[in-house]
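The values are calculated or read from the model by the stated rules, or taken from the named source; none is laboratory data. Note that the coordinates shown come from a computational prediction; the quantities given were computed from them, not determined experimentally. In this analysis, Cβ positions are derived from the backbone assuming ideal geometry, glycine residues included, and neighbour counts consider all displayed protein chains. Note: areas computed on protein heavy atoms with side chains; ligands, DNA, RNA excluded. Shrake-Rupley method; radii C 1.70, N 1.55, O 1.52, S 1.80 Å.
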Amino acid sequence: MIEVINVTYRYREGGGISEINLRIGEEIVSIEGPNGAGKTTLLKVIAGLLRPQHGEVLVDGSRDPRKSVVYVHQRSVMFRTTVMENIMWALKARKIEYAEERAVEAMELMGIYELRDRPAWRLSAGEMQKVSIARALALRPKYLLLDEPTGNLDSSSVESLINIIRGRRYVVVATHDRDFSEQVANRIVKMRYGRIVGQ
C-alpha cells in the first residue's frame with residue numbers, strides 16, 4: 001500500500017503539488033492531467049526522489065521507498081555503455097544475483113534483445129524509452145512508477161507496454177494520454193494545478 005498523506009511540495013519558481021491525499025493498493029492507477037498539473041512531482045515524491053515539505057509518504061508502512069519502488073523518468077538517461085550494460089547497471093549496484101539473466105529477460109519482454117550490444121546513447125528516443133523501462137523491469141520492483149511512458153513509442157510498442165502493465169499488480173502511470181489511461185488503469189486520478197480534482 002502506498003499512502004500519500006497531506007503532501008505538499010512546491011518549487012521556488014512556482015508549481016508543484018499541494019495537500020495531496022492518495023492511497024494506492026493492488027491496482028493500476030493512472031495519474032492524468034495536462035503538463036504542469038503536478039503528475040511528475042507526485043511520482044518523484046512517492047519514489048523518494050523529492051522529500052515532502054509537508055505531509056508524508058508511506059510505502060508498506062515505511063518512509064523509505066527505495067527497496068520496493070522504481071521510478072522511470074519521462075526523459076531517458078543512458079550511460080555511455082551498451083544497452084546490456086545499461087540494464088545491468090542497476091542490478092549490479094544493488095548486488096542482485098543473476099544480473100545478466102534478468103537483463104536478458106527484461107530486454108526480451110520489451111522487444112529490444114537485438115539492441116543488446118548497441119551503444120545506448122546512440123539509440124532513438126523510442127529505443128531509449130524501452131531500455132529505461134527494461135532497466136526498471138529487470139529490478140522486479142513491487143511498485144512500478146512510469147512517467148509519460150508512451151511519449152516516444154510507436155503504436156505497436158504502446159500495445160506491448162499495455163500488455164506488460166496489465167500483467168503487473170502495482171503500477172502508477174502519469175500521463176496526459178486519455179486513451180492509454182482507459183486501456184490500462186483500474187482507476188484514473190485527475191490532477192490540475194498541483195491538486196487532485198477527481199478520481
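Is it true that some residue in segment 129-138 is more than 24 Å from HIS176 (Cβ to Cβ) and either among the hydrophobic types (A, V, I, L, M, F, W, C) or open to solvent by less than 20 Å² (accessible area, probe 1.4 Å) (or both)? Within segment 129-138 (the criterion being more than 24 Å from HIS176 (Cβ to Cβ) and either among the hydrophobic types (A, V, I, L, M, F, W, C) or open to solvent by less than 20 Å² (accessible area, probe 1.4 Å) (or both)), the answer is yes, since at least one residue qualifies.
Within segment 15-48, if we keep just the residues that are in contact with a helix residue (DSSP H, G or I) (Cβ under 9 Å, 6 or more places away or on another chain) and under 13 Å from LYS190 (Cβ atoms), the residue that is surrounded by the fewest Cβ atoms within 10 Å (Cβ to Cβ) turns out to be LEU22.
This table checks each residue for (1) within 19 Å of ARG169 (Cβ to Cβ); (2) among the small types (Gly, Ala, Ser).
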{"residue": "ILE2", "(1), (2)": "yes, no"}
{"residue": "GLY14", "(1), (2)": "no, yes"}
{"residue": "ASN21", "(1), (2)": "no, no"}
{"residue": "GLY25", "(1), (2)": "yes, yes"}
{"residue": "ILE28", "(1), (2)": "yes, no"}
{"residue": "GLN74", "(1), (2)": "no, no"}
{"residue": "ASN86", "(1), (2)": "no, no"}
{"residue": "GLU101", "(1), (2)": "no, no"}
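For (1) surrounded by fewer than 18 Cβ atoms within 10 Å (Cβ to Cβ); (2) at pLDDT below 90; (3) closer than 21 Å to ALA125 by Cβ, each residue gets a yes or a no:
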| site | (1), (2), (3) |
| --- | --- |
| ARG66 | yes, yes, no |
| VAL72 | no, no, yes |
| ARG80 | yes, no, yes |
| ALA93 | yes, yes, no |
| GLU97 | yes, yes, no |
| ARG102 | no, no, no |
| GLU105 | yes, no, no |
| GLU108 | yes, no, no |
| GLY111 | yes, no, yes |
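Could you go through segment 147-155 and let me know if any residue there is at pLDDT 95 or above and not β-branched (Val, Ile, Thr). Looking through segment 147-155, at least one residue is at pLDDT 95 or above and not β-branched (Val, Ile, Thr). For ALA106, the stated conditions do not hold, so it cannot be described as within 17 Å of VAL77 (Cα to Cα), of a type in the set (Gly, Ala, Ser) and not in a loop (DSSP other than H, G, I, E, B).
Here is a yes/no grid of residues against (1) among the hydrophobic types (A, V, I, L, M, F, W, C); (2) out of contact with any Ser or Thr (no Cβ under 8 Å at 6 or more places or on another chain); (3) without any contact (Cβ under 8 Å) to a residue 24 or more places away in the chain; (4) within 27 Å of ASP64 (Cα to Cα):
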position	(1), (2), (3), (4)
ALA103	yes, yes, no, yes
TYR113	no, yes, yes, no
SER132	no, no, no, yes
LEU139	yes, yes, no, yes
LEU145	yes, yes, no, yes
ARG168	no, yes, no, yes
PHE180	yes, no, no, no
